[in-house]
Structure formats: C-alpha cells, structure tokens
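What follows is a single structure, written as structure tokens, with notes after it.
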Amino acid sequence: MNTLASKPPVVLVDGSSYLFRAYHALPPLTNSEGMPTGAVKGVTNMLRSLQKEYPDSVVVVVFDAKGKNFRHEMYPEYKANRPPMPEDLAVQIAPLHDLVEAMGLPMLVIEGAEADDVIGTLSHQAEGLNQPTVISTGDKDMAQLVNPHVTLINTMTSTSMDEAGVVEKFGVRPEQITDYLALIGDTVDNIPGVPKCGPKTASKWLDAYGSLENLMQKADEIKGKIGENLRESLSFLPLSKDLATIRCDIELPQPLGEIRHREPDQEKLTALLTQLEFRGWLKELQSSPSAEESDQEAPPASDIRREDYELVTNTSQLQKVVETAASARVLAFDTETTGLNYRQAELVGISLAVDSGHAWYIPVAHDPMIAAEQLDRETVLKAVGPLLENPDTRKVAQNLKYDAHILAKYGIEPQNCDDTMLLSYVLNPTAHRHDMDTLSETYLNHTPVAFTDIAGKKGPKQLTFDQVPLAQACEYAAEDADVTWRLHAILSDRLSQEKGIRNLYETIERPLVSVLTRMENAGARVDENILRIQSQELAE
C-alpha cells in the first residue's frame, strides 16, 4: 500500500508571494473609510479556496519577516535594487495577519529568514514524516523543492508542477534549479548571474555538463562571447548559487508534526470582516450554522431535477419558448457544438433557461440517423437571435466568449451579457478553478452530467455532440443552461454587495469580453517579411 498517497498533503502557503501578486492583480479596493483592502481580499480568498480544496489538510501560511536576513550578511547588496513596499500595500500586512489568525490557520513569520526557507524547512520535515506536501506559490525559486513528495501549485494561474513539470518549464531537473538560477541571475533579488546567459543557455549548459561545478571546471570549452562572460563570472557564481539555495534547516518554534489548525475566532473574524467591509464573507459567516450544528447536518442537497427539462423539436414548441424567454428578466443560454475549437466548431443546438428548473434544449444539427425530428438551424437562429441581441434582457453564459464566437459565425452578437466564469473570477481571483463543474459543486452542491457520461471516454471512439441521442443531449445541454442561471443568481447577488469589485466588473471586465471576441475573430495583420528578419536576428 502506498501510505504517502493515502495521506492528505500538508499545504504550505507562500503568503508573501501571494500578497504582492494579489496587490498587483486586483484593483485598488478600499473600504468606506479609504483603508486599502484589495491585497487582503485576494490572499484570504485564495486561502479559503485552498481550505475547500484540501479539507483534510493542515494549511500553514508563511510570511517574510521584516528587516534583513542571513542572505544580507552573505551579500550586502542582496535585494538592494528593490524599491520600498508601496504604502497602500504595507498597511494591509497587519490586518491580513490578523485575519489569518482569526481563521484559525497556523501562521509563521520567522525573523532572520525568508518565507522560502521556512517553507523549505517544513517540506523537509514533512518528507521525514512520510507526508506529501503541496506548496502554494508563484515563486520560481520553489521549483528546487519539488520531489516525489512535494508538488507546487499556483492558484492564480490554476497550474501545478511536479518533477516532470519542472523539467518541462525550465529545461532542468529540480536538483539543478539552484545551478540554473545562479547562471541566469535574478534582477529582482539582485543576485548576479552570467551576463547574456538566459534560460535556454543555462538549461543547455546544465544538460551538457550536469552541474554548475562541472561547468565551471570546463568553462574553457565554452566558445564565443558567452564563454568569456562565463569565465569572468567564475569568482561569484558559487555565491550566487548559495544565495539562490533555499535552506531546509531553519529553527522553528515547533515542528511540523505539532502544528494544528485552531477553531476560527468567530468574534474576531466578524469584527475584522466588518472593518474591512467584506460583506459577502460576513454574510456567509453570519448565516452559517454553528460548528456543533455543522457536524450534525449535511449540506443541503441540490434540487436540480433533469426530468423538468424540455426537448424542443417543432415550431409550435419553439414559439412558446421564444414567448416565454422574451419576457424573462434573465435569460441563460449555452451553445452545443461539434468541438472545442471555436474556429472549426459548428452549432449543433442551443439551450435556454429563464428560471430555476425551466430549461429547454433546441437541437438543430444532430445526425439525422439518431434525430428524426429536429428544427433546422436557420429557423431556430432566426427565432432565437433577436432574443440574444435584445439589449433590454440580461443574458448570461458560462465562458461567454466561446458562445459569442460560435454565434458570430451566424451573424448573431449577444447583447447585455454576464459571464458566470468571469463573475466567479472577479469575486475570487485566486481560486484554483472557475469551470462550471467546480462552480456548481461549490455554490449549488450539484455535480452536472459529464460530457463523458453521454459521449464516452476521451479518445478516437468518443462521440461528437451531434452524434449524441437527443434524450441524453437534452439532459446535458438544458442542465448547462439551468446551472448557469442558478449560478448567476448567486454570484450576481454577491457582486452587488462588493461595490469596488462590482465597478471593476461592470466597467472593465464585462465590456472587455466583446472587445476580445471581436479582436480574436478579426485576428492581427502581420508582415511576414519583417517577422522573418526578426526571427533571423534572434537566431543569431
């Protein structure tokens, strides 16, 4: 039995890395008193997502300590080029620390060390306990910690990295990362590298020579100007490697095996959320059952019943659907197509929903061998197109841009649209996923029908949607519209409680969808001759 795989991983969060990334990724949100809150919101949203994704894991949050550390003693110029922390970010550190502690999460800030070293030490201890480890970070330096026990995840880009992932991304193995970093240097941390040595050159050298030490011994074999640069750098390369090496032996106040979650401090949490004006979270907190009740009660079951969906195959049905949809306050829609590549895919059917449980699927191009009765595409688009283009009705889709691309092929440009995927992102930009299945399970406690359930497993034998029988197609497609409508009701309500984020969504993110759709459809004109010249220059 693989005991490692059977244990929940310990989750180590690089809080300082996410603090800076959230600060730059989110708009400058403030509460009504002008207190900056954007970075706090971004980091805590990410932490809550990790708690949901790893419910049985200990989540440890690590921040850099103030002041200098042992690397400054090794190299006084370490991080000398870094500008001072922006004031509107610095003032968010204390409330963020307070909020993490109120959540009951273990938090470590070790004087004289960086967050990287504390995380390295904890991951090393976890390995000694035969405990798998997930490190949540956006820092490339952490790749040196990856091994069969340790995986990196980046919640802001929804990516993960194991040993094979390190090789794919950097061209070197995890144990070569410190050599790689020494060669390319780091302008942010002011670690000197070999001038003109970029990632490709560094990975090529390490592939050929195996290690920095071996490369240094055979530096005379490297020809050209880059070889001269390497030989001129030999004196400081060992120091650069030492500066880039994460320590795994930092003295901690308690070992990993003794670190535990605490129960959230509800009173302190309520006070902080009130001060920060995180109304959505505060509302959840105030409406959630007590810890004692939550142990005894299961979450409410989904009330989605697929038997309520209707298959529309004749003009009289279509007319009734159009009349009902025309008077709807919010109309959810989804396109079903022959594939995922919007440039190649053709429309197979459209699903619509106007309320919880009121959804229809209108097939237009299923294989006639399995769909004896269906409406033709032109008739349906002529009836449904005006609904989607009516600016007075709010439309909603999941991953709107794909549907917009498909409909644009037929001369239809939906107006006044929301995107549940985009709503989820602006409300929680550090969440790991924003796909429909994840959102449905998170907000509706419902697992939608999977495409593989109706089309078969991925591979050459998997059906395309036009080959799926109408009964199964209706169950799948109408549910997509129904779930999208329900998600929109929840997410739009949460957005209404967040003034700054609502403004960001309405003035920037939502309008940008149609702009990007038109740009992608139009493409970009390029000058082939200039590109060829640039390619040659770069090759040289």
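The values are calculated or read from the model by the stated rules, or taken from the named source; none is laboratory data. All figures in this text were calculated on a predicted structure; none of them were measured in a lab. Cβ atoms come from the backbone with ideal geometry, glycine included; neighbour counts cover every protein chain shown. Side chains are part of the model used for accessible areas, which takes the heavy atoms of the whole protein and leaves out ligands, DNA and RNA. Shrake-Rupley method; radii C 1.70, N 1.55, O 1.52, S 1.80 Å.
Listing for the model above:
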| item | result |
| --- | --- |
| Helix-derived mean residue ellipticity, 222 nm - over the chain, DSSP H n ≥ 4, -39500 (n - 2.57), to 500 | -13500 deg cm²/dmol |
| Shape category assigned to segment 7-92 from the gyration tensor of Cα positions, a/c cut at 1.5 | oblate |
| Extension reserve of the Thr30-His72 stretch, reckoned as 0.36 nm per residue once the Cα distance is removed | 11.6 nm |
| Summed side-chain charge close to Met74 - residues other than Met74 whose Cβ falls under 15 Å, Lys, Arg +1, Asp, Glu -1 | -3 |
| Along each principal axis, Cα extent of segment 105-150, largest first, Å | 29, 23, 19 |
| Alpha-carbon gyration tensor eigenvalues x 5, square-rooted, for segment 58-206, Å | 26, 22, 14 |
| Residue pairs, from the table Lys320/Lys382; Lys169/Lys223; Lys66/Lys241; Lys283/Lys499; Lys401/Lys461, whose Cα atoms sit over 19 Å apart | Lys169/Lys223; Lys66/Lys241; Lys401/Lys461 |
| Exposure of Arg502 as accessible area (Å², to 10), given a probe of 1.4 Å and all protein chains | 80 Å² |
| Per residue, in Å², the accessible surface of the chain once ligands and nucleic acids are set aside, probe 1.4 Å | 50 Å² |
| Sequence of Glu498, Glu528, Glu127, Glu73 from largest to smallest accessible area, 1.4 Å probe | Glu73, Glu528, Glu127, Glu498 |
| For His366, solvent-accessible area (1.4 Å; no DNA, RNA or ligand), Å² | 10 Å² |
| Restraint check, Lys140/Lys196; Lys41/Lys196; Lys41/Lys140; Lys41/Lys268, Cα-Cα greater than 28 Å | Lys41/Lys196 |
| Segment 389-540: C-alpha pair distances exceeding 18 Å, % | 68 percent |
| Computed label-point distance, nm, for sites Glu111 and Asn81 using a 7 Å Cα→Cβ extension | 3.1 nm |
| Accessible surface, 1.4 Å probe, highest first, among residues Met85, Met436 | Met85, Met436 |
| Heavy-atom accessible surface of the chain: percent carbon and sulfur, 1.4 Å | 51 percent |
| Accessible area in the full protein assembly, largest first, 1.4 Å probe, for Glu323, Glu310 | Glu323, Glu310 |
| Total formal charge among the other residues, if their Cβ is under 10 angstrom from that of Val146, Lys/Arg +1 and Asp/Glu -1 | -2 |
| Calculated SAXS-style log₁₀ I(q)/I(0) at q = 0.07, 0.09 Å⁻¹ - the chain, Debye, Cα scatterers | -0.53, -0.84 |
| Normalised contact order of segment 17-117, rounded percent, pairs of Cα under 8 Å and 6 or more residues apart | 34 percent |
| Rounded if a/c under 1.5, otherwise prolate or oblate - segment 397-481, Cα gyration tensor axes | oblate |
| √(5λ) per eigenvalue of the Cα gyration tensor, segment 180-279, largest first, Å | 46, 18, 11 |
| Computed P(r) (all Cα pairs; segment 468-540; 5 Å bins; percent) | 3, 11, 9, 10, 11, 12, 11, 8, 7, 9, 6, 1 |
